[in-house]
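Undergrad: Okay, here's the structure, questions in a sec.
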Amino acid sequence: MSPLSRRRRLFLKAGAMAAAAGLLASRATPAAAATASTVTWKNWSDSAQCTARALVAPADEAAIAALLRASGGAVRCVGAGHSFTPLVPTGGTILSLDRLAGLQSHDKAAMSATLHGGTRLSQVSRQLDGAGLALRNLPDIDMQSLAGAISTATHGTGAALPALHADVIALRIVSPQGDVIDWQQERHADQMAAARVSLGSLGIITRITMRVVAAHNLRRKVWLKPVEEMLQLAPELARTHRHFEFYYLPFTGYAAAITHDAYAGSDIQMPPSQDEDMLRDLRQLRDWLGKFPQLRRWSAARLIDADLTEHATNRSFRLLSNVRPTRFNETECHVPREAGIACVRDVIRTLERRNEVFFPLEFRFVKADDAWLSPFYQRDSCSIAVHAAHGEAYDYLTSEIGPVFRKHGGRPHWGKLHNFSSAELAALYPRWKDFQALRQQMDPHGRMLNPHLRALFGVPA
């Protein structure tokens, strides 16, 4: 394959796997400038860090309950540390759920499965598949813990498919007082509506029961279109495919469509991933021609072969969710579906005022649900995610892209960078006060809060 053909191939692959994420998100090391009994902690992208009194990894619920009863001060739970917002940082105790992981039970008659809260999504999928089951949908990164993913309203794409938390039908929570509480949807509707997306503010989620579906295969198709054509086609593509999303490649004029649909065959077709090469190429094009945006567009148009199409077939989880080694920082908002195309046009215009941009922009569809703090509460949505390379400036994600999201009624992804105020959030979420009332009842002393959550919820320090 010639270098030019190979480069064209890389640009095509950009659509399939553009927003690269990483292996393990959080890192805890002995604190360099603190006492020997403290630890420093960083999230996956280095956007959040702290010096905590301790980082503990209890082996079971009894140990978690004992810790909460015995200790004073703040406690924040950590899964993979894949949130870009400072949901974890505390001067108190960071509690890891890594030792509470795995599939506990499943019921094929009821099509449900119960899993420990610390189970990484990659493990969830593998263990469910071994039982002939699968989650209905998945996000595009598979290293988050299940408890962390539902607590931040993590989602995949599909106009008729809601976020992960919408399939939660029962939860076990260790309260801030150390009590073990079981809630079920049919008996505790309000508590479940609050706890499905709680940002870890109600207690430690140790067990989750979810609706599941039969294990199934999907067929993926990836192809390129000029971005304006893609924007015009997007609503119909979302309506006619089980999963649809697109990635816009900045300063190229092209977007890559990705669809996944049910596949009855059993053959596996997985082209080798060239994602990292693609990102290096996009960065190199930026580095060479970033000061000359028109020349950059001209060059990209000659490197992209718009006629190339790629297909893959495999188990659903192997196509929908992936491991990403390249780090970045990210903002994402969810706008009413009817505002999605207008919003992404505005975002693209705003983004391309900055010549240093090269990371692709992601556009997805998510169905409404009824969790009180879900960004998709009672409205079908389009999700728009914008990325900045690790080690490069990313303030513009909130200062410049944020106002565009606000203009179109966006609700922020709780785990992605944003600067929405407590007053703004209260206006965006109809059940905001109800959630705060239950949170105050569950945690009157604010033990599950940190500075970030106090600011979000308007709770004085």
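Undergrad: If you place +1 on the Cβ of every Lys and Arg, -1 on the Cβ of every Asp and Glu, and leave all else neutral, what size is the dipole of the chain about its Cα centre, to the nearest 20 Debye?
TA: Details: 54 positive and 43 negative charges, 94 e Å.
The dipole magnitude comes to about 460 debye.
Undergrad: Could you give the radius of gyration (one decimal) and Dmax (whole number) of the Cα atoms in region 257-405, in Å?
TA: Computed over the Cα atoms of region 257-405, radius of gyration and Dmax are 17.6, 49 Å.
Undergrad: Hey, which of these cross-link pairs are over 28 Å Cα-Cα: K108/K221; K367/K416; K108/K367?
TA: K108/K221
Undergrad: Just tell me which lysines come within less than 23 Å, Cα to Cα, of K225; anything on the same chain fewer than 8 places away is out.
TA: Those lysines meeting the cut-off are K13.
Undergrad: Among N419, A110, P226, which residue has its Cα furthest toward the positive end of the charge dipole of the chain, with +1 on Lys/Arg Cβ and -1 on Asp/Glu Cβ?
TA: Going by the charge dipole, the pick is P226.
Undergrad: Also, I was wondering about something else. Given contacts defined as C-alpha pairs under 8 Å and at least six residues apart, what's the relative contact order of the chain, whole-number percent?
TA: Dividing the mean separation by the residue count of the chain yields 19 percent.
Undergrad: Now for a separate question. Taking the Cα centre of region 68-162 as origin, sum charge times position over the Cβ atoms of Lys and Arg (+1) and Asp and Glu (-1), and report the length of that vector in debye to the nearest 20.
TA: Roughly 220 debye, rounded to the nearest 20.
Undergrad: Rounded to the nearest 5, what % of DSSP beta bridges with both residues in the chain are antiparallel?
TA: Bridges in the chain that DSSP calls antiparallel: roughly 90 percent.
Undergrad: Also: Only Lys, Arg, Asp and Glu count, each charged at its Cβ (+1, +1, -1, -1), so figure out the dipole size of region 321-416 about its Cα centre, rounded to 20 debye.
TA: Computed about the Cα centre, the dipole is about 120 debye.
Undergrad: I've got another one for you. Farthest toward the dipole's positive end in the chain, which of A388, L289, F358, given Cβ charges of +1 (Lys, Arg) and -1 (Asp, Glu) about the Cα centre?
TA: Checking the options against the dipole of the chain, the answer is L289.
Undergrad: To the nearest 500 deg cm²/dmol, what mean residue ellipticity at 222 nm is calculated for the chain from DSSP H runs of n ≥ 4 alone, each contributing -39,500 (n - 2.57), summed and divided by the residues?
TA: Rounded to the nearest 500, the figure is -9000 deg cm²/dmol.
Undergrad: Any idea what the relative contact order of region 121-226 is, in percent, if you count C-alpha pairs under 8 Å spaced at least 6 apart?
TA: Normalised by residue count, the contact order of region 121-226 is 30 percent.
Undergrad: State in Å² the accessible area per residue of region 172-257; use a 1.4 Å probe, count heavy atoms of protein chains only, and round to the nearest integer.
TA: With the other protein chains kept in place, region 172-257 gives 34 Å² per residue.
Undergrad: Carbon-plus-sulfur fraction of the accessible area of region 148-307, 1.4 Å probe, in percent?
TA: 52 percent
Undergrad: Compute, for E61, the solvent-accessible surface of its heavy atoms (probe 1.4 Å) with the complete set of protein chains present, and express it in square angstrom to the nearest 10.
TA: 30 Å²
Undergrad: A further question follows. Which of P444, P250, H216 sits farthest toward the positive end of the charge dipole of the chain, with +1 on the Cβ of Lys and Arg and -1 on the Cβ of Asp and Glu?
TA: P250
Undergrad: List the aspartates and glutamates whose alpha-carbon lies under 17 Å from that of K407, not counting same-chain residues fewer than 8 positions away?
TA: Hits, sequence-local ones excluded: E332, E338, D346, E424.
Undergrad: Using the Kirkwood formula over every pair of different C-alpha atoms, what hydrodynamic radius in Å results for the chain?
TA: 22.5 Å
Undergrad: Work out the P(r) tail for region 79-191: percent of alpha carbon pairs separated by more than 24 Å, whole number.
TA: For region 79-191, the share of Cα pairs beyond 24 Å comes to 27 percent.
Undergrad: If you average the sequence gap of Cα pairs under 8 Å that are 6 or more apart and divide by the length of region 316-461, what percent do you get for the contact order? Don't jump to the answer; show the numbers that get you there.
TA: Numbers: 191 pairs, mean separation 41.0, N = 146.
Result for region 316-461 is 28 percent.
The values are calculated or read from the model by the stated rules, or taken from the named source; none is laboratory data. These figures come from a predicted structure and were not determined experimentally. As a convention, Cβ positions derive from the backbone with ideal geometry for all residues, glycine included, and neighbour counts pool all protein chains shown. For the accessible areas, the whole protein counts, side chains as well, though only heavy atoms, and no ligand, DNA or RNA atoms are used. Shrake-Rupley method; radii C 1.70, N 1.55, O 1.52, S 1.80 Å.
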